[in-house]
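Right, one structure below, let's go through it.
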Amino acid sequence: MSRAYNFSAGPAALPEPVLRRAGKELLEWQGQRASVMEVSHRGKAFSALAERVEADLRALLGVPDDYAVLFLQGGATQQFAQIPLNLAAPGQGADYLLSGAWGRKAVDEAASYVSARVIASNEADGCIDLPAAGWQVDPAAAYLHYTPNETIHGVEFPHIPDPGPLPLVGDFSSTILSRPLDVSRFGLIYAGAQKNIGPSGLTLVIVRSDLLDRAGQPKANIFSYAAQARAGSMLNTPPTFAWYLSGLVFEWIAEQGGLAAMGERNRDKAQTLYAAIDGSGGFYANHVAVAARSWMNVPFFLHDPALESAFLRESDAAGLLALKGHRALGGLRASLYNAMPPEGVRALTDFMADFARRHG
Ligand code: PMP
């Protein structure tokens, strides 16, 4: 077998023990004489799994009892629309704090349903620092939305912004479960699964119960958080395999020591890589302000862009996958989600030092 260290931004690496266990259980799951993909989502076995996975997630993240946990589909992108549909009354505004490309997408999608107002943005500076402080929310807005970690630009909020009287909505797609989080500070947390949770196809929404009472806008049931909460996220057939596999990931995180242990490990991994970049004498560079640097996604550039194709070819051959930067930014990017072991990051920094020696 030649599994390599996979630095993909998403769909991203999954913990190897999880994949091994899924492999073992693939043909026959829990005495069902069928795989987990082949049984009814309304049957006893899958219902028990769904309950257990939710309980495990609640325990990991410390989700307070007055929050609903929804396992939906459509990705984080569908949430860009579903959030204003559910939380904003017709004609009501919503405030957005922008720190990169995904926040921009969120506000543009929301604009179909709500008067979306950008209250602060770092776009003019090329998205390399947090939006400048001093912004103010409109107290009449439906919510304040922000992107705690910008996957493309590698900009992360080191603190939770103060939303004043508004419910705070966070797109945690690329940072959920990477460290402890105070869920009670949020009205709504959402995340596509394919980075730190499980396979693509599942979208996690954690929403404070009082927000489920908001009428929002006219919409079909399938887009209604309240209807999904009443139906246990099973208004229709859910992505059962993704749900199952995410449950295995939650168990794996708990075995690693939970989110506090994950957080320490992730902080160390990020520090190792940033130190290698900053200590390269300018051969490599990351342009993000130090306080806003992401632990999960590290975009970086070679001093000579002509070396990029050699870097990608040689790193791939050395067992370091998917280091090409996002097309919007170019350069290189290493994503260091939970499933990336510290040894993978050291293998990358060793390769980088060797490459710099040979091409410097
Ligand atoms: N938000 C963030 C922060 C992301 O990183 C991504 C995907 N890379 C998305 C939203 C879009 O997610 P999806 O593809 O699940 O719709």
Q: Rank by packing, highest mean first: peptides 40-49, 185-194, with packing defined as the count of other Cβ atoms within 10 Å averaged across residues.
A: 185-194, 40-49
Q) How big is the Kirkwood radius of segment 124-234, worked out from every pair of different alpha carbons and given in Å to one decimal? A) 15.6
Q | Among T237, I222, P305 - extreme Cα towards positive end, dipole of segment 207-307, charges at beta-carbon | A | I222
Q.
From the helices alone, meaning DSSP H stretches of at least four residues, give me the mean residue ellipticity at 222 nm for the chain, per-run term -39500 (n - 2.57), in deg cm²/dmol to the nearest 500.
A. -11000 deg cm²/dmol
Q) How much FRET efficiency would the formula 1/(1 + (r/R0)^6) give for A133 and H303, where r is the Cβ-Cβ distance and R0 is 35 Å, rounded to 0.05? A) 0.60
Q: Give the residues of segment 24-54 whose amide nitrogen is closer than 16 Å to a point set 7 Å from the Cα of A231 in the direction of its Cβ.
A: 41-43
Q: Please find the FRET efficiency linking A48 to D210, where r is the Cβ-Cβ separation and R0 is fixed at 35 Å, and quote it to the nearest 0.05.
A: 0.75
Q. Could you give the nm distance between label points at E343 and M37, where each point is 7 Å from its Cα heading toward the beta carbon?
A. 2.9
**Q.** Separation of the A261 and K105 label points, Cα + 7 Å toward Cβ, nm
**A.** 3.3
Q) What Kirkwood radius, in Å to one decimal, follows from the Cα pairs of segment 4-50? A) 12.4
Q) Going 7 Å from the Cα of H159 in the Cα-to-Cβ direction, what parts of segment 260-290 have a backbone nitrogen less than 16 Å from that spot? A) 290
Q: Sort segment 63-125 into rounded, prolate or oblate with this rule: let a ≥ b ≥ c be the square roots of the eigenvalues of the Cα gyration tensor; rounded if a/c is under 1.5, and if a/c is not under 1.5, prolate when a/b is larger than b/c, oblate otherwise.
A: prolate
Q. Counting pairs of alpha carbon atoms under 8 Å apart in space and at least six apart in sequence, what relative contact order in percent does the chain give?
A. 23
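Once the other residues with Cβ under 15 Å from the Cβ of L26 are scored (Lys, Arg +1; Asp, Glu -1), what is the net sum? Don't skip to the answer; put the middle values down first.
Working: positive: R20, R21, K24, R33; negative: E25, E28, E38.
Around L26, the charge tally is +1.
Counting other beta carbons within 10 Å of each Cβ, put W135, W29 in order, fewest first.
W135, W29
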(Q) How many angstrom lie between the Cα centre of segment 99-140 and the Cα centre of segment 168-245? (A) 22
**Q.** Rg [Å, one decimal], Dmax [Å, integer] - segment 253-360, C-alpha atoms
**A.** 13.9, 44
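About the Cα centre, and with charges only on the beta carbon of Lys, Arg (+1) and Asp, Glu (-1), how big is the dipole of the chain? Nearest 20 debye, please.
Result for the chain is approximately 700 debye, rounded to the nearest 20.
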Q: Report Rg/Rh for the chain, rounded to two decimals, where Rg is the Cα radius of gyration and Rh the Kirkwood radius.
A: 0.98
Q) Any idea which of S280, F7, S112 is furthest toward the positive side of the dipole for the chain, if Lys and Arg beta-carbons carry +1 and Asp and Glu beta-carbons -1? A) F7
Q) With labels modelled as points extended 7 Å from the Cα through the Cβ direction, what inter-label distance (nm, one decimal) is found for A328 paired with R20? A) 3.8
Q. Between K219 and E123, what FRET efficiency follows from the Cβ-Cβ distance if R0 is 25 Å, with the result rounded to 0.05?
A. 0.25
Q: Add +1 for every Lys or Arg and -1 for every Asp or Glu among the other residues with Cβ under 14 Å from the Cβ of D56, and state the total.
A: -2
Q. Is there a pair in K44/K105; K105/K324; K24/K44; K24/K105 whose C-alpha atoms are over 32 Å apart, and which pairs would that be?
A. K44/K105; K24/K105
Q) In terms of the Cα gyration tensor, with a ≥ b ≥ c the square roots of its eigenvalues, is segment 317-360 rounded because a/c is under 1.5, prolate because a/b exceeds b/c, or oblate? A) oblate
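All of the numbers you see were taken from the coordinates with simple rules; none came from a lab. Quick caveat, the model's predicted, so the values are computed rather than measured. Every residue, glycine among them, receives a Cβ derived from its backbone with ideal geometry; neighbour counts consider all protein chains shown.
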